[in-house]
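What follows is a short report on a single structure.
The values are calculated or read from the model by the stated rules, or taken from the named source; none is laboratory data. Model, not experiment: these values are computed from the prediction. Glycine also receives a Cβ, built like all others from the backbone with ideal geometry; neighbour counts cover every protein chain displayed. Ligands, DNA and RNA are stripped out before the accessible areas are found, and what is left, the full protein with its side chains, is counted by its heavy atoms. Shrake-Rupley method; radii C 1.70, N 1.55, O 1.52, S 1.80 Å.
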Amino acid sequence: MPDIGIISSTIVAGVLLGGILALTALGLSIVLGVMRLVNLAHGDFLVVGAYAGLFFLQFTGIDPLIGLPVVAVFVGMLALPVYSFLLAPLAGRGAEAQMMTMFAVSIILENAFVLAFSADTRSIARDYATVPLTLGPITFPLIYLIGFAISVTLILAVHWLVSATAFGRDLRASAVDAQAAATLGVDVKRVQMLTFALGAACAGVGGTLMGAAFQFGPSSGGAYLLNSLAVVVLGGLGNVIGTLIGGIALGALQSIGGLTLGDGYRDLVGMALFLLVLAFRPDGFLAKGRT
Amino acid sequence: MSDAIVSSPRVGSASTGGLVEVAVLVGALGVLWFVPDFAGDYWLQLGFRTCVYLVLAQGWNLMAGSAGLVSLGTSSFIGLGAYAALGLLNRVGAPLPLALLICATAGGVLAALVSPALFRLRGLYFTVGTLALAELLRLLMVNVSAFGGATGIILQEDPPALPVLFRYVLVLAFLASLTITLCTRTRVSVILRAVRDDEDAAAQMGIRPYRVKLGAFVLASALAAMAGGIQAAKLGAIEPYGMFGLQWSIDVLSMVIIGGVGLRLGPLVGALFVVALGEALADYPEAHTAIAGVILIVLIRFAPQGIVGLAVKLPLIGRVQA
Amino acid sequence: MDRPPLLEVKGLVKRYGGLVANDRIDMQLRAGTITGVIGPNGAGKSTLIGLIGGAVVPSEGSIRLDGRDVSRLPASERARAGVGRTYQIPRPFLDMSVEENLEVAQYSIAPFIRATVAREERRALLARTGLADVATLTGRALPLLRRKRLEIARALALKPRVVLLDEVGAGLVDSEITELIELIHSILDARTAILIVEHVIRVVRECCSRTMVLNFGKTLIEGPTADILGNDQVAAVYLGTGGARESQTADGTAPAADSAIHVSAPEAEAQVLAPLTAPASAEAATAPALQFSGISAGYGQARVLQGIDLTVERGQAIAILGANGAGKTTLARTISGVITPTAGALLIDGQDVSGWQPHQIAALGIAHCMEGRRIFPTLSVQENLLIAARGADALTARERLEAVYDLFPILAERKTQGGTSMSGGQQQMLAIGRALMARPRLVIFDEISLGLAPIVMDKLYDALALLKKARMTLIVIEQDVDRALALADHAYVLEHGMFALSGPPRQIAADPRLRHIYIGGAEDASMGELTSIG
């Protein structure tokens, strides 16, 4: 039986990490909600974010956490042509054509990373990534707390955007009945494009945070995608606050799983939860609480 | 008129078409059986890979083209088959054909076991669920030391010689193609296509869509497990990252989309194309998958019926195909 | 009559949220008989077919087939137990040939049937349903009539004991209906029962021994078909006179033009609407507000509108009438750009807008209050309203919101609630209010009275009368003839995608052909004469 300090540290670290996981899943969630698209390149968008943070630091010397807005805009802008040239022309051709296209984009991106940045694993090396923070018996890396704070802030901002602004109104209306929204004057294509870009921008920030907390490489996208899918399935589709709760739940359960079964089982817990939720609560734990 | 031909493969009598197809398959088996007698190792390697791909693509095409199930979890069943085959060969000393049959059973059973989770909601969930399943199994193999952990397991005896393996995989590809012929040239085909076209209307006709989809999934999974088993026997050493790797799923999906989803010749054309592309770009492995990605995007957008679909639209070939 | 009924429905209830689509339906189908179900749009007829066929799960009640309770069985098991149904909008397997469509049913119930036997059965079925010449064509290649025949053939391939026919007559011309009636009679044998849900009254009259009338999800009346069709109460339900405030003439056609709207202080009310009504622009004063020239439109293969010409002047209120399936909603969708015309030109204020996107047409000041309300469930009542105030600044949006709340005070009370948590009538008020939030110049109201109680309809039409007073251009699409005619300056009656009648409301209301178009009754006036007018 590990001592209470280790247990509580692990759980706190899991919850904090879960906040970051929620942010990494947010883009996937809103794109799924509005466009009915499982963006299979979402994990690679996160990797783009991680590389963007890394090179921002290398070229400017400015801390990537300060440069987060730049990274967000950069990744968001990259997503615009993907939407206009690859996804928009497939509108009306069923969900699978768009999903397969994003799968192909994922393959291409992954190979592009290898060609451009080599297959090495890297990390965004900052002091706060390794410095431990101690509060009583609880110890965890400082980056977890910073990442959690940034993630929760951003998720709440997106929640505000979706639930309280005119754009959010258009977004929610387009998600449930695109035809009715269009008849009322909503330019649904534009809403979808902005949603896709917003999702990518969130992925950019989430990717930088992941890159600061952990090592990453050209093929990290697959694992990122699967964790994000687990969060979305746990939290419910297209539900911003649900994504936050789903992320925290996944982070905590992964940590507990890692502690009890061994560190190698962390990700396995996530995948097992994912399939179990699909089997028994396909609408997520928060089926009712839609934003 | 060409559209009608594409969408309805049965022009003329079903049984005649089926018999012709079976005859072609038997003929192909008969001719290719003697390839090891005069072909070198290079061509046998290529032939082996093409046959493995063909087995996978036949199963995937049955699921996607006939039952509307788009899977990204082919590697789950390849990996399962690979581990089961080497386990049986090492521990029990089972002969390879028997081991492959047990692999097929294991693949089918796994498919049936996970189907409640994967079929719960329609469409996209099946795809993401299969993706998660492959990752789950890979992580399990990495972590459980009984399965060799991250280093995997090694075949204790020497793997069979390449000509022998080639003939095994040839028979396997023949059997897979024959099975699919039975599914697409008989009354099973109308049931499958009805479920793909309109599940609700099919149910109203007395079809039980869940069972039909489950059947296609189980069959495709059994085929993939056998492909994984024979691949493992050839490699002689397997590890989880390779056998449960996403690359398998990418390859099989690319083959079928490039060849033509739901078309009888799609898997064969796709398998040949992907193997040929791999050879042409053998010196540029990174570019290889990226180019496959570009081809996928272009085909999805401009030729959703793949190469075979394009070819059939040309009037001359279309008539021959019919 | 001493044998137990083949199919027995008891206390069948289907609720969708707060909406009761079927309310305690009792029904008995005996072998060897044909039963009809009629009733206005939205009365719950298709839901009843869905419940019996197994596509819809009942909330309460039982369905017994040959004494066995099948109410909890899924559709596939019902089909195997002997229930065959057709879909109102045909759903053939599009990529399969006609013959293969039948094979689906044959092989699902008898996987090992001998091929020769199956082929003979198919040939016989195809010959009987008039599909022999298209046996090798795909479902996609068939026109609407053939698709409907395929629906019937496919249901019959199940060798059903109970056949459910959902609106098989809609959209067919008279000679086709004659053939259909013959077909239905040929299906019937001593061990089969047929249930027909139908708008084409001729089919019901000539096929059904007994008929049930549904209204608001409930059984209004049930009895021998001749009695039911001669019943004035039934005619009133169809023509919408059942709930109108004005006293009706005995024949069910209302003295339409003078059914005045009771508003306490009309002038004051009209003032309230000012923020919602766009001022007449000077520049386009010469061009009509809306013009159709030779417009054809439809969905895929099905051409619904067949070369329509229509001119709507500024400030005019027109009514578009017609039976189910005549093309009314297609016409509305063509105006708002949801459907792109396949031929002809659509002009708004003299500008050709054919092929424009819906949001571009909305930006021209065209609002479309869509059929089925289409309220966004994830938006609150207030958000549902605000979303339509495109480009309005906060102050203007607030003004319009207040104006809508003045018009429908209940919406103000419910403004923070979810849009679909309200009753049907309140949701319809929300849909109307939402259309007005755009401050439109022209509004299309599509079936706003559908499934609503008469008193609620009155409220909605009071609001429309105010809009008309404010000189807004109105296009009212209605099943409820009286209310629409009372409001309109000019009326058009659609039949088979063409205008069969048009003229001032009083003239239309008095025209005996109107009743024929709605509830058939082609006893003497020949249908040929009718269609020649279009």
Which residue out of A:V82, A:V47, A:V34, A:V71 is out of contact with any Leu (no Cβ under 9 Å at 6 or more places or on another chain) and surrounded by 24 or more Cβ atoms within 10 Å (Cβ to Cβ)?
-> A:V71
Any idea which of C:S46, C:S76, C:S108 is more than 17 Å from B:V195 (Cβ to Cβ) and small (G, A, S)?
-> C:S46
Filter the range C:388-403 for residues that are open to solvent by less than 70 Å² (accessible area, probe 1.4 Å) and within 14 Å of another protein chain (Cβ to nearest Cβ) and give the result.
-> C:A388, C:A389, C:A392, C:T396, C:A397, C:R400, C:L401
Among the residues of the range C:344-360 satisfying the criterion of being touching a strand residue (DSSP E or B) at 6+ places or on another chain (Cβ under 9 Å) and more than 14 Å from C:Q291 (Cα to Cα), which is farthest from the other protein chains (Cβ to nearest Cβ)?
-> C:G355
Residue count for the range B:299-314, restricted to those that are among the charged types (D, E, K, R) and within 12 Å of chain A (Cβ to nearest Cβ) | 1
Counted residues, the range A:66-82 - those being more than 20 Å from A:A197 (Cα to Cα) and touching a residue at least 40 places away in the same chain (Cβ under 8 Å) | 0
Does at least one position in the range A:41-52 carry a residue that is within 14 Å of chain B (Cβ to nearest Cβ), part of a loop (DSSP other than H, G, I, E, B) and more than 20 Å from A:V205 (Cβ to Cβ)?
-> no
Could you list all residues from the range B:262-298 that are more than 20 Å from the chain's Cα centre (by Cα), within 14 Å of another protein chain (Cβ to nearest Cβ) and assigned to a helix (DSSP H, G or I)?
-> B:P285, B:E286, B:A287, B:H288, B:A290, B:I291, B:V294, B:I297, B:V298
Being at pLDDT 90 or above, open to solvent by less than 40 Å² (accessible area, probe 1.4 Å) and under 21 Å from B:N61 (Cα atoms) narrows it down to one of B:L88, B:L172, B:L137, so name that one.
-> B:L172
What about C:A81, is it within 29 Å of C:L145 (Cα to Cα), surrounded by fewer than 23 Cβ atoms within 10 Å (Cβ to Cβ) and at pLDDT 90 or above?
-> yes
The one condition A:L194 fails out of (1) open to solvent by 30 Å² or more (accessible area, probe 1.4 Å); (2) outside any helix (DSSP H, G or I) is (2)
Check on C:G36, closer than 15 Å to C:L164 by Cβ, facing another protein chain (nearest Cβ under 9 Å) and buried (at least 24 other Cβ atoms within 10 Å of the Cβ) | no
From C:A486, C:A465, C:A438, which residue is over 16 Å from the mean Cα position of the chain (by Cα), at pLDDT 90 or above and not assigned by TED's automatic domain parsing to the domain that holds C:G327?
-> C:A438
Restricting the range C:404-423 to residues that are under 26 Å from the mean Cα position of the chain (by Cα) and open to solvent by 40 Å² or more (accessible area, probe 1.4 Å), the residue that is nearest to A:Q179 (Cα to Cα) = C:T420
Can you tell which of B:G152, B:G148 is crowded, with 16+ Cβ neighbours inside 10 Å, in contact (Cβ under 8 Å) with a residue 24 or more places away in the chain and touching an Asp or Glu at 6+ places or on another chain (Cβ under 7 Å)?
-> B:G152
Of the residues that sit in the range C:80-120 and are among the hydroxyl-bearing types (S, T, Y) and touching an Asp or Glu at 6+ places or on another chain (Cβ under 8 Å), which one is farthest from the other protein chains (Cβ to nearest Cβ)?
-> C:T86
If you scan the range B:248-260, which residues turn out to be open to solvent by 10 Å² or more (accessible area, probe 1.4 Å), closer than 13 Å to B:L131 by Cβ and either assigned to a loop (DSSP other than H, G, I, E, B) or within 10 Å of chain A (Cβ to nearest Cβ) (or both)?
-> B:I250
Selection count where residues are open to solvent by 10 Å² or more (accessible area, probe 1.4 Å) and either within 14 Å of the chain's Cα centre (by Cα) or closer than 30 Å to B:A132 by Cβ (or both), scope the range B:40-55 = 5
Could you tell me whether any residue of the range A:151-160 is facing chain C (nearest Cβ under 8 Å), in a helix (DSSP H, G or I) and either of a type outside the set (D, E, K, R) or buried (at least 18 other Cβ atoms within 10 Å of the Cβ) (or both)?
-> no
Filter result (among the basic types (K, R) and either facing chain B (nearest Cβ under 10 Å) or open to solvent by 50 Å² or more (accessible area, probe 1.4 Å) (or both)) within the range C:121-162 = C:R123, C:R128, C:R140, C:R146, C:R154, C:K159, C:R161
Does the range C:98-120 include one or more residues that are under 22 Å from C:V168 (Cα atoms) and out of contact with any helix residue (DSSP H, G or I) (no Cβ under 8 Å at 6 or more places or on another chain)?
-> no
Residues of the range B:192-207 that turn out to be open to solvent by less than 50 Å² (accessible area, probe 1.4 Å), within 21 Å of the chain's Cα centre (by Cα) and either within 7 Å of chain C (Cβ to nearest Cβ) or among the charged types (D, E, K, R) (or both), as a count | 1
Single match in C:Q316, C:Q382, C:Q360 (criterion: without any contact (Cβ under 8 Å) to a residue 40 or more places away in the chain and either closer than 19 Å to C:V476 by Cα or surrounded by fewer than 19 Cβ atoms within 10 Å (Cβ to Cβ) (or both)) | C:Q360
Restrict the check to the range C:488-507 and report whether at least one residue is without any contact (Cβ under 8 Å) to a residue 40 or more places away in the chain and assigned to a helix (DSSP H, G or I).
-> yes
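Here's the yes/no breakdown for (1) within 14 Å of chain A (Cβ to nearest Cβ); (2) touching a Gly at 6+ places or on another chain (Cβ under 7 Å); (3) over 30 Å from B:V195 (Cβ atoms); (4) without any contact (Cβ under 8 Å) to a residue 40 or more places away in the chain:
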| residue | (1), (2), (3), (4) |
| --- | --- |
| B:A85 | no, yes, yes, no |
| B:A99 | no, yes, yes, no |
| B:A112 | yes, no, no, no |
| B:F119 | yes, no, no, no |
| B:L131 | yes, yes, no, no |
Output yes when any residue across the range C:60-68 is within 13 Å of chain B (Cβ to nearest Cβ) and of a type in the set (D, E, K, R), and no when none is.
-> no
Any idea which residue in the range A:90-122 is farthest from A:R36 (Cα to Cα), counting only those that are open to solvent by 50 Å² or more (accessible area, probe 1.4 Å) and within 7 Å of chain B (Cβ to nearest Cβ)?
-> A:L115
